[in-house]
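The values are calculated or read from the model by the stated rules, or taken from the named source; none is laboratory data. Here the structure is a predicted model, which is why all the values come from computation and not from measurement. Every residue, glycine as well, gets a Cβ built from its backbone with ideal geometry; the counts of neighbours run over all protein chains shown.
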Amino acid sequence: MRKLISVTAIALVMTFSLNTGCTPGGGGGGTPIVLPNIAGFAIQSVSAFVAGASAMVSIAVPSLAAGVYTLHFDITGDDNFSNQSATINVSGSTVNFQTPSLPNPGSVSIHITSITNSSGGSATITSNNTKTFSDSTGLMTGTYTVAGSVTNLRATHVVATNTGGMLSIHCVIWTPNLTTVTLYDDIYAGATGSVSFNSNDLSASGPTSTFNGGASFGIAGSGITVSDLSEHGTITLNTIAPLMTGTFTFTNQDSSVVAGSFSCPHP
């Protein structure tokens with residue numbers, strides 16, 4: 001009787017793994033990826049914009065190390081832009097960047113989604129990362145002080161016009177009483193800077209004269225009638241375009257004082 005002998009060969013499969021020493025964040029010559037520190041990150045403000053121009057976004061970045069970063073954001077509302085990015089160079093606790101040009105007037109929101117550093121580290125931002133802003137029909141805030149009594153002023157209708165080098169900035173407050181503040185720069189040359197005026201200086205307008213402009217303040221309604229021209233004051237233009245911004249202070253003929261700041265589309 002023949003016996004069949006079966007021989008089973010068992011193959012041992014051995015698996016080897018190779019360690020290169022270059023795992024993310026590890027040693028051995030690899031470049032560690034450091035994630036951005038977003039503690040305290042917040043959108044602080046977004047400027048009003050003129051249709052067709054961009055808005056300025058100011059953010060707080062108190063924990064970010066100095067360096068170059070890329071912000072990723074979306075814009076929704078009357079203007080819509082998805083998957084936008086902006087490069088920021090951080091050297092302090094706050095930094096600014098500009099949105100794309102916003103073609104449509106109206107209300108717009110910006111939503112910052114994440115930030116990436118130069119080594120490729122990325123952090124998702126989930127709080128204090130959304131802000132709604134709008135186009136500018138102008139804004140003036142200030143105070144009217146008479147006999148020690150202070151009235152706060154806030155005009156959302158501010159219009160600047162330029163006629164032959166004579167700049168007029170007209171601010172209107174509709175309620176509770178019709179209140180107007182009008183600033184005049186008689187030697188406007190399309191540049192930033194200050195102009196002073198004095199109604200007692202009757203010499204011709206020019207660089208050596210203080211008879212270079214003026215201002216007026218008025219209130220009408222509910223039995224109130226105030227119509228006063230400035231005696232002396234100063235208007236300072238900080239920016240010209242796309243928004244004209246600046247500050248002012250003037251004393252009226254009745255010794256009342258009007259002071260504040262303004263922002264409106266450039267003329």
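Some notes on this structure:
- Selection status of Asn252, more than 28 Å from Gln98 (Cα to Cα) and touching an Asp or Glu at 6+ places or on another chain (Cβ under 7 Å): yes
Residue by residue, here is whether (1) surrounded by 16 or more Cβ atoms within 10 Å (Cβ to Cβ); (2) in contact (Cβ under 8 Å) with a residue 12 or more places away in the chain; (3) outside any strand (DSSP E or B); (4) of a type in the set (Asp, Glu) holds:
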| residue | (1), (2), (3), (4) |
| --- | --- |
| Pro105 | yes, yes, yes, no |
| Ile112 | yes, yes, no, no |
| Thr116 | yes, yes, no, no |
| Ser119 | no, yes, yes, no |
| Ala123 | yes, yes, no, no |
| Asn128 | no, yes, yes, no |
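- Filter pass, Asn96 being in a strand (DSSP E or B), exposed (fewer than 15 other Cβ atoms within 10 Å of the Cβ) and on the phi > 0 side of the Ramachandran plot: no
- Per the listing Thr163, Thr130, Thr94, the residue uniquely more than 20 Å from Thr239 (Cβ to Cβ) and in the same structural domain as Ala55 (by TED's automatic domain parsing) is Thr130.
- Hits in the stretch 61-75 (condition: assigned to a strand (DSSP E or B) and under 17 Å from the mean Cα position of the chain (by Cα)): Leu71, Phe73, Asp74, Ile75
- Residue count, the stretch 26-77 (criterion: of a type in the set (Ser, Thr, Tyr) and over 16 Å from Asn89 (Cα atoms)): 5
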